[in-house]
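The values are calculated or read from the model by the stated rules, or taken from the named source; none is laboratory data. Given the structure is predicted, the values throughout are model-derived calculations rather than measurements. Counting neighbours? That spans all protein chains shown, and the Cβs are built from the backbone with ideal geometry, glycine included.
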Amino acid sequence: MRAFLAVIVLVLGVALPFNLDVVKFAVVQALSSPCRFPKDLLPNVGQFVSLDLRHAGSGTVFVSAEPADWVRANSDVLAPLRSGSGDLIVYIHGFLTSMGDADCAAKSVAADLAERQPPESSHKPDVLVFGWPGETKARQFSRAQTAASQAAKYLSDLLSQLRKRRIILIAHSLGAAVAMEALSEVPQTAEGPSFHAIILIQGAIPVASLRTWSYKITVRFPAAETHDRIAGRKPHPGYIEEGEGVGCYVDAARKARHLIVTRSADDITLSRMYATDEMFVPGLCQGPRVFPVEGETVRTLPQTLAIGSGMDREEIFRIHRELMPEDPGTISDPWGAPENPGNFVPTLRPPDDSQVLLERAETYSFKIPHPSYHEIHLSRLSGWRPFFDWHSPLNYRTMRADLLGQIWHILDQRDGAAAPIGVPVNDQQDPSRATH
């Protein structure tokens, strides 16, 4: 049925003057699958707690309690998670995601992690799924960002209660904003939680939010400089501004030992679905405001690019020229003819400095300051198919297995002599027994 619907939408998209991206998105949604827990994968997880901030009977309304009161009301539910000794997976779902899909994704990740432990181990990963109210209309992404910011206050208070637990925080899509905003508020103390890893699955946060950058902006007035030289005067040197910037989530990310991000240029949900002015709320953690240049879309700029879409170049150069206004009454003949015949078309040539009223050149150099930062390109994993939903890789068994295998491998390699991922910190075992 879903395949038939996708064909109908595709035919209509070709026959009618629809926006191709909208049609492609509809096809991807028609073919996409909800999360399904593998039947042959035992649900060998420890404690499982699912908490939802949505008011009963509504998918968009918050609970009436304040963050501290809400956490206090769920104190008994959280008690088993406070006393656990194995890894604790905290999963935060994204925009337009049901709690059923969120629970399924979290259980699948935890079950995969549990399989890496020695068979005799009784310490299975505990799971906490954090639900929050996203908008139910696809074109209200900017409103969902406001809800994510509000939900972060609840998650921050919740994480602060999980003392002395080694946490693997996994956030999908706009859940990355919830997670990083919450981490910004969690105090770093010896008695607080230990964030072993932050894993952002196709995160819908600005690409610059986890980066630092240096910049140089040069403003010149070429036509005025040319005029000064002809008049025998020293041209004005122009204006130069240099500085540095820090992404709003850089400090939050440093609270975790490892930072892993997935990316895909084919993620239509992140890169093409939403209008440019709705991709990220103006003024909210976007990074430097880089000017677009002719021939490039605004989507290539760091203030509108999501980290799940990736950033191909760590250095960006932009140059903008504003030309002198032309006099429509006179057209010069480049061949020097005294008159311009009616059938003569002037040749367009690049403007020289005398024709440029203002020139603005910008150079930005970006860096990842986290000492253990890793990117996983989804296009290099198994599980590709036409019109594939790159935004939800955990919903597909083959890609999920490949993706999780790479994540655990990265964490094991980076941990070195420390307890490998999936093995309780207080268990003194041979690390080689923890992998399969």
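Here is how the numbers come out for the structure above:
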quantity	calculated
Selection from the stretch 215-247 of residues that are over 17 Å from V290 (Cα atoms) and part of a loop (DSSP other than H, G, I, E, B)	F221, A231, G232, R233, K234, P235, H236, P237, G238
Pairs, first closer than 20 Å to A152 by Cα in the stretch 74-103, second part of a helix (DSSP H, G or I) and among the small types (G, A, S), C-beta under 6 Å, six or more apart	I89/A110; Y91/A106; I92/G175; I92/A179; H93/A102; H93/G175; G94/G175; F95/A144
Residues being farther than 14 Å from V109 by Cβ and touching a strand residue (DSSP E or B) at 6+ places or on another chain (Cβ under 7 Å) - total across the stretch 165-182	5
Residue in the stretch 94-106 that is in the same structural domain as P393 (by TED's automatic domain parsing), among the hydroxyl-bearing types (S, T, Y) and within 22 Å of W408 (Cα to Cα) present	no
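One line per residue, one yes/no per condition, for (1) buried (at least 24 other Cβ atoms within 10 Å of the Cβ); (2) under 16 Å from the mean Cα position of the chain (by Cα); (3) farther than 30 Å from I240 by Cα; (4) of a type outside the set (V, I, T):
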| site | (1), (2), (3), (4) |
| --- | --- |
| T189 | no, no, yes, no |
| F195 | yes, no, yes, yes |
| P206 | yes, yes, no, yes |
| S214 | no, no, no, yes |
